[in-house]
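Have a look at the structure below, then the notes.
The values are calculated or read from the model by the stated rules, or taken from the named source; none is laboratory data. Quick caveat, the model's predicted, so the values are computed rather than measured. Quick reminder, even Gly has a Cβ in these numbers, built from the backbone with ideal geometry, and neighbours come from all protein chains shown.
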Amino acid sequence: MNLDYKRLNPKDLNNIVSPVRLFALDVLNGLSEYPKRLSSKYFYDKRGSELFQKIMELPEYYLTRCEFEILQSHKNVFGDLFSGDSFNVVELGAGDGMKTSILIENFLSRNLQFRYIPIDISETAMQTLISSMSKKFPSLNAQGVVAEYFDALKWLSSVTQQRNLVLFLGSNLGNFSKPQARVFLRGLWNTLNDGDCVLIGFDLKKDIELMLKAYNDPGGITAEFNYNLLRRVNRELGGDFEISRFRFYPSYNVFSGAIESYLVSQIEQSAFVKQVGQSFTFEAWEPIHTEYSYKYLESDIEGLAASTGYKIEMQLYDSKRYFVDSVWRVEKKETDNR
Ligand code: AVJ
C-alpha cells in the first residue's frame, strides 16, 4: 500500500499570506463592495462540509444522484481513454470520494496502471478522504496534494510524465461565472499535455422550480449552509453577526443562467469583526451575495470547450437528462507554445 498526502508548503509556492489573513481580507473586500458579497469558497469548513454532505442526501438536490447514475452506467468508458498507457487520475475538490470510488474500483478491477492524485485546499478534508480510500482500496496507489488547484497542477506537471485524467465533478465549475470558467479551463489546459483528458460535471438548464428547490430545501439545510458563512466569520474572525436577523434567499436568474443565493439583512443593523478591525453596516433589506451556481445549455458546453482548446469526446447523461458528465481531450498544435 502506498497511500499518503503531501502538503505543499509556502516555500514550494509563493503563498506567504496565512489562511486566516486571507479570509479576513476577503471579508473586508467583499463586505466593502456594493452590493456586498462573501465568497462561496468559504462555505467548506468542518461544519460546512458536514452540511454539504447532508445537502447531497436531500431528495431535492438531484445533482449528486444524477452524476452517480452517470458514472455507474458509463464506468467502463473512462479506462479506455488512454488505450492502455499508464495515467494519473487527478481530482480537483474530491469531497467524500463516493463518486470517484466508482471509477477507481473499475480501474483496479481491470488492472489498469494508474495513480490517484486528489487535490484539495482543506487539510481535514484530505485526511478524511485518504483514510477512507485506503480502507476501501488497500492496493490503490495514491498521492494527495493539499494546495490551491493551479499550484498543485504546476507541481504535478514538473514531477510526472504520465497522461492525466482530470476529474472536476459535481458541478463545481458552476460556482464560476462563464468568463471565469473560461479562464479556469484555459489555465487547466496550460498545465496539461496534448491528449490529456478532463471529465467535467455540468448541471443542465431545466424546469425552474426543480432547480430552485434543489437550492431551497424545506428543512432549511441549504439555508444553514449559507448562515454558516456568517457563523464562520463570528468563530474565526471574532465577528458578532446576529444570524437570525438575516434571511436566506435563493433565486434563479434566467438570463445569466445561475441560481444566485443571498443573505438579506431584515433590519438596519451593523456587525463588528474584530480581526478585520471594523464594523459593517446594513440597511434594512440589503443583501449579501453568497453563491452562484451556473446552469448550462448544450451549446454553452460546446462553446466553452471549443474556445478553451479542447475537443469533446463524450457527453454522458443520466436517464432524466438533468446532468451531463462531459469528457474533453486537450488539443495542442505544434504552434501552441506552452
Ligand atoms: C458544490 C458548488 C456544486 O452549487 O450545487 C449546494 C454547492 N450550494 N447547495 C452547487 C451548493 C447550495 C454546489 N456545488
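Couple of notes before you dig in:
- For the range 148-188, a residue qualifies if it is aromatic (Phe, Trp, Tyr) and either free of Cβ contacts under 8 Å to residues at least 24 places away in the same chain or more than 18 Å from Gly93 (Cβ to Cβ) (or both), and exactly one does: Phe184.
- The set of residues in the range 140-150 being at pLDDT 90 or above and surrounded by fewer than 18 Cβ atoms within 10 Å (Cβ to Cβ) consists of Asn141 alone.
- Test: residue in the range 225-246 that is in contact with an Asp or Glu (Cβ under 6 Å, 6 or more places away or on another chain) and of a type in the set (A, V, I, L, M, F, W, C): no
- Of all residues making up the range 189-206, the number that are within 16 Å of the ligand (Cβ to nearest atom) and charged (D, E, K, R): 3
- Some residue of the range 248-267 being acidic (Asp, Glu) and surrounded by fewer than 18 Cβ atoms within 10 Å (Cβ to Cβ): no
- Contact annotation: residue pairs with Cβ atoms under 6 Å, 6 or more positions apart or on different chains, pairing a residue in the range 46-71 that is over 20 Å from Leu210 (Cβ atoms) with a partner that is within 12 Å of the ligand (Cβ to nearest atom) and at pLDDT 95 or above, are Arg47/Asn228; Gly48/Asn228; Leu51/Glu224; Leu51/Phe225.
- Within the range 31-66, the set of residues being in contact with a Lys or Arg (Cβ under 7 Å, 6 or more places away or on another chain) and near the ligand (Cβ under 10 Å from one of its atoms) comprises Glu60 only.
- Breaking point among (1) crowded, with 21+ Cβ neighbours inside 10 Å; (2) touching an Asp or Glu at 6+ places or on another chain (Cβ under 9 Å), for Ile288: (2)
Results for (1) within 24 Å of Val330 (Cα to Cα); (2) modelled with pLDDT under 95; (3) part of a helix (DSSP H, G or I), shown as yes or no for each residue.
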| site | (1), (2), (3) |
| --- | --- |
| Pro10 | no, yes, no |
| Val17 | no, yes, no |
| Leu22 | no, yes, yes |
| Lys75 | yes, no, yes |
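- Strands (runs of 3 or more DSSP E) fully within the range 221-336 counting 1 or more residues that are β-branched (Val, Ile, Thr), within 16 Å of the ligand (Cβ to nearest atom) and under 23 Å from Tyr34 (Cβ atoms): 258-265, 287-294
- Residues being crowded, with 17+ Cβ neighbours inside 10 Å and either under 18 Å from the mean Cα position of the chain (by Cα) or closer than 30 Å to Glu313 by Cβ (or both) - total across the range 206-232: 8
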